[in-house]
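Worksheet: one structure, shown below.
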Amino acid sequence: MEQMTVKDIVLATGGRLLCGSEDAEIRSISIDSRNVPAGALFVPLVGEKTDAHRFIGQAFDLGAAASLTSEHDEMEDHRPWIRVEDTRKALQAIGRYYRERLTLPLIGVTGSVGKTTTREMIAAALSAGFRVFKTSENHNSQVGVPITVTEIAAEDEIGVLELGISLPGEMPVIAGIAQVDMAVVTNIGTAHIEQLGSRENTMREKLRIQDGMKKGGILFLNGDDPLLREQKARSGCRTVYYGMGETCDYRAVEMSLVDGYPTFTADCRGRRIPVRLGVAGEHNVTNAMAALAVADAYGVDLNAAVQRLSSFHGYKNRQQIFESRGITVIDDTYNASPASMLAALKVLLSMERPGRRAAALADMKELGPESGRFHREIGEWLAAHPVDLLVTYGDLALEIEKGAKAGNGAGEYRHYLPKEREALIADLPQLLKPGDCVLLKGSNSMKLAEVAAALR
């Protein structure tokens, strides 16, 4: 955070300083009273289960420089307390205020799946020409984005922000904070469809990333997505399509998988550059083309951008491939949707190993009333692309097994109930042998990462 004081916070939020000095310096923002850096502004959020106002004292004890409050009208203290109507909205106001002081360009990334990997790949490609700021972890929400924006420093030259939503109406709020110069939409799938209602609704919500986009900006759309390829940027902005289809401005051709890793030629408006990625899966080819399209828009040398892309090896629990006791493990346990699960299974089937191919698949969450059908369709796909061992974990994942069994989609089946995770952790290493390759994939709440850790 650059040059913020309590006076700036009062101005940004329209709040009232109850006590303390308006000249006190604010070095960062924290919403976690257990981990408050010295000099931070503590923002006590009111949640469904916890009201963080009761931890303000703890935050000050740990070194907070000031605190917001929506529950105090008077206070006598040498430390600054700032009265606001709503701490969450005040946090967002601080993010907007800070963004308006920044001059560097920002690229926003949204979509149903692939946001984090695409964000990382764009940042890697841009790093061939700029000092790049990027969203850390998954701080992409109405709470995460304003904090992320305030972490941008004076020495950063360009930024890549991930903007994620799960409910209608969230994107306009986030987009209004980020005010991106360019926006990338990765795809429109069924993630969060339980809350958003339909893929069409999801698309409309995602495209509202343009609400904060500046005039003259570029909207980068996945030209292979059946919904997005029909869309265009709003008036005053330009549309660029990327992907593998013939109509894409930035297009991957001559693609092949070598032991799970893509090799292809990037056709960037007629310039052809060979690429070999360090992340597995055909779907990452599209992500890479988004990165090259953005890099080209900012004048980065494409050969240098490709070199940086090739050195990117993925993100924790997102298609990380490692060897353990002679077994190849594809750790894709961070999250799951039908599209990402099929993409992960294709990686598994492309792996050339002497042993068996095994898939350990857990529930995919937030898919709404059609959840059962989405899981069965994964099993039906396995009927045409069988594996040697199918392990399913969770109530919904049982539908994967049913779909696969109907078409002989696996040589052997094992199913575990939600309460049997410890049994799964104990059994899976015994089920696998040296030479085997296993994929682990499921929604984050299923905690398959613990199974991956046990295998490692």
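The values are calculated or read from the model by the stated rules, or taken from the named source; none is laboratory data. Bear in mind the structure is a predicted one, so any value in this text is a computation, not a measurement. We place every Cβ from the backbone using ideal geometry, glycine too, and count neighbours over all the protein chains shown. For the accessible areas, the whole protein counts, side chains as well, though only heavy atoms, and no ligand, DNA or RNA atoms are used. Shrake-Rupley method; radii C 1.70, N 1.55, O 1.52, S 1.80 Å.
Of His78, His313, the order by accessible heavy-atom surface (1.4 Å probe, DNA, RNA and ligands excluded), from most exposed downward, is His78, His313.
Please tell me the relative contact order of the chain in percent, rounded to the nearest whole number, where contacts are Cα pairs under 8 Å and at least six residues apart. Walk me through the numbers on the way to the answer.
Values: 1075 pairs, mean separation 49.1, N = 456.
11 percent.
Here the chain has 46 percent of its accessible surface on carbon and sulfur atoms, given a 1.4 Å probe and all protein chains in place. Subtracting the Cα-Cα distance of Asn201 and Ala406 from their residue separation scaled by 0.36 nm leaves 70.5 nm. Ligands, DNA and RNA aside, Lys402 has an accessible area near 100 Å² when probed at 1.4 Å. Working from Cα pairs under 8 Å separated by at least six residues, relative contact order for the stretch 1-64 is 26 percent.
When all protein chains stay in place and ligands, DNA and RNA are ignored, the 1.4 Å accessible-area order of Cys268, Cys237, largest first, is Cys237, Cys268.
With all protein chains in place and ligands, DNA and RNA left out, the 1.4 Å accessible area ranks Ile56, Ile193 as Ile193, Ile56, largest first.
Length gained on full extension, Ala154 to Ala454, computed as 0.36 nm times the residue gap minus the Cα-Cα distance: 103.8 nm. Is the C-alpha gyration tensor of the stretch 295-447 telling us rounded, prolate or oblate? Criteria: a/c under 1.5 is rounded; beyond that, a/b larger than b/c is prolate, otherwise oblate. Judged from the Cα gyration tensor, the stretch 295-447 comes out prolate (a/c at least 1.5, a/b above b/c).
For the chain, the antiparallel share of DSSP beta bridges with both residues in that region comes to about 35%.
Rg over Rh of the stretch 127-285, using C-alpha atoms and the Kirkwood radius, what does it come to?
Details: Rg = 16.7 Å, Rh = 17.1 Å.
When Rh is taken as the Kirkwood radius, the ratio is 0.97.
Ranked from largest, the principal axis spans of the Cα set of the stretch 250-354 equal 44, 27, 23 Å. Dimensions of the chain along the principal axes, based on C-alpha atoms and rounded to the nearest Å, stand at 71, 54, 39, largest first. Positive-end ranking of Thr150, Thr69, Gly111 along the dipole of the stretch 59-164, with charges on Cβ about the Cα centre, is headed by Gly111. Under the criterion of Cα pairs below 8 Å and six or more residues apart, the relative contact order for the stretch 369-448 equals 28 percent. Per-residue extension of 0.36 nm, minus the Cα-Cα distance of Asp388 and Asp51, leaves a gain of 116.3 nm for this segment. For a straight C-alpha distance cut-off of 21 angstrom, the lysines reachable from Lys316 (same-chain residues fewer than eight places away being disregarded) are Lys115, Lys134, Lys346, Lys365, Lys441, Lys447. Are there GluC sites (Glu not before Pro) in the stretch 81-126 that DSSP marks as loop and that have at most 13 other Cβ atoms within 10 Å, and which are they? Sparse-neighbourhood loop GluC sites (Glu not before Pro): Glu85. With a ≥ b ≥ c taken as the square roots of the eigenvalues of the C-alpha gyration tensor of the stretch 380-450, please select rounded if a/c is under 1.5 and otherwise prolate if a/b is larger than b/c or oblate if it is not? Here the stretch 380-450 falls in the oblate category.
Remark: the stretch 240-368 carries a charge dipole of roughly 240 debye about the Cα centre, counting +1 on each Lys and Arg Cβ and -1 on each Asp and Glu Cβ.
Using a simple spin-label model with pseudo-atoms 7 Å out from Cα toward Cβ, Glu137 and Asn35 lie 0.5 nm apart.
For Tyr334, the accessible area of its heavy atoms, probed at 1.4 Å with every protein chain present, is near 60 square angstrom. Going by the alpha-carbon gyration tensor, a ≥ b ≥ c the square roots of its eigenvalues, is the stretch 292-337 rounded (a/c under 1.5) or, if a/c is not under 1.5, prolate (a/b greater than b/c) versus oblate? It is oblate, given that a/c is not under 1.5 and a/b is not larger than b/c.
Note on Asp61 and His313: with the Förster distance fixed at 51 Å, the Cβ-Cβ geometry gives a FRET efficiency of about 0.80.
Normalised per residue, the accessible area of the stretch 330-417 is 39 Å², obtained with a 1.4 Å probe and no contribution from ligands, DNA or RNA.
Within the stretch 84-190, the ratio Rg/Rh, alpha carbon atoms throughout and Rh by Kirkwood, equals 0.96. Glu230 sits with roughly 130 Å² accessible to a 1.4 Å probe, with DNA, RNA and ligands left out of the calculation. Using bins of 10 Å that start at zero, the share of Cα-Cα pairs per bin across the stretch 1-136 amounts to 12, 37, 28, 18, 5, 0, in whole %.
Per residue, the accessible area of the stretch 34-111 comes to 49 Å² when a 1.4 Å probe rolls over the protein heavy atoms.
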